[in-house]
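What follows is a set of notes on a single structure, which appears directly below.
The values are calculated or read from the model by the stated rules, or taken from the named source; none is laboratory data. Quick caveat, the model's predicted, so the values are computed rather than measured. Note: ideal-geometry Cβ built from the backbone for every residue, glycine included; neighbour counts use all protein chains shown.
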Amino acid sequence: MSNQNRKTIFTTIAIDKETGSLVEKLCKRYSLKKGEIVKRAFLYIDKACINPSEAPESTKAELAKINKRQDDIIRFIRHYEEEQLNPMIRVCNSIAVRFDIVVKDMNEELNREIANSKDILIQVLRKLDEQFGKQADVINNQSQQINNLSQLQQMNNKKLLKLISLYTELASCGVMDNKRKESLKAEIISLINNQ
């Protein structure tokens, strides 16, 4: 039963001698039977959407079309790069530079404020020591707080510098670096959310 279902029904086609010799030549070249080569040729024509009634253009003309399309795409990419990407990169870079300057200024100002606060704290503690003699406990507590604040400030500064670095790297990504851009954005969001 199963052999009867597998039987293939064959049909014949009429071709001239010239076409017949071409089919023979292709069969020898590719070691295929006539039926196989005709079947594959028709599958190729169908898959490639080739209209056999239209005369094929020369290879040079087809290559010229491909080169023109390629040149158009390259022109578009360059134009987009000049008109959109380069200005965005320059703006992002200038923002990053300004951001870096502001962070450095803030860091210096905070360090000065911390130093001033520390000096004032030491003076107050000395007065307390002179009057009440309980300097040791107060100094230890205040020093610990100052150290904690200093460490917290240093961690925040490191995080801020890391953010600047990530923004700069994101700004320098090219048009085709979508995966890298997405990973940088995710890293930036993660860093911002971990406060």
**OP:** Name the single residue, out of those in segment 158-184 being touching a helix residue (DSSP H, G or I) at 6+ places or on another chain (Cβ under 7 Å) and over 16 Å from Arg98 (Cα atoms), that is modelled with the lowest pLDDT.
**Re:** Val175
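Given the residues Val38, Val97, Val23, which is the only one that is surrounded by 11 or more Cβ atoms within 10 Å (Cβ to Cβ), assigned by TED's automatic domain parsing to the domain that holds Lys162 and free of Cβ contacts under 8 Å to residues at least 40 places away in the same chain? Walk me through it before giving the result.
On the way: Val38 fails: assigned by TED's automatic domain parsing to the domain that holds Lys162; Val23 fails: assigned by TED's automatic domain parsing to the domain that holds Lys162.
Result: Val97 is the single residue among Val38, Val97, Val23 that is surrounded by 11 or more Cβ atoms within 10 Å (Cβ to Cβ), assigned by TED's automatic domain parsing to the domain that holds Lys162 and free of Cβ contacts under 8 Å to residues at least 40 places away in the same chain.
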Original post:
Which one of these does Glu62 not meet: (1) modelled with pLDDT of 85 or more; (2) not assigned by TED's automatic domain parsing to the domain that holds Glu169?
Top reply: (1)
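Assess whether Ile89 counts as being of a type in the set (A, V, I, L, M) and in a loop (DSSP other than H, G, I, E, B). Spell out the reasoning first.
Working: of a type in the set (A, V, I, L, M): yes; in a loop (DSSP other than H, G, I, E, B): no.
Criteria not met by Ile89.
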Original post:
In segment 74-115, what count of residues is obtained for those that are among the basic types (Lys, Arg) and within 18 Å of Lys159 (Cα to Cα)?
Top reply: 2
Original post:
How many residues, within segment 38-53, are hydrophobic (A, V, I, L, M, F, W, C), more than 15 Å from Val23 (Cβ to Cβ) and not in a loop (DSSP other than H, G, I, E, B)?
Top reply: 1
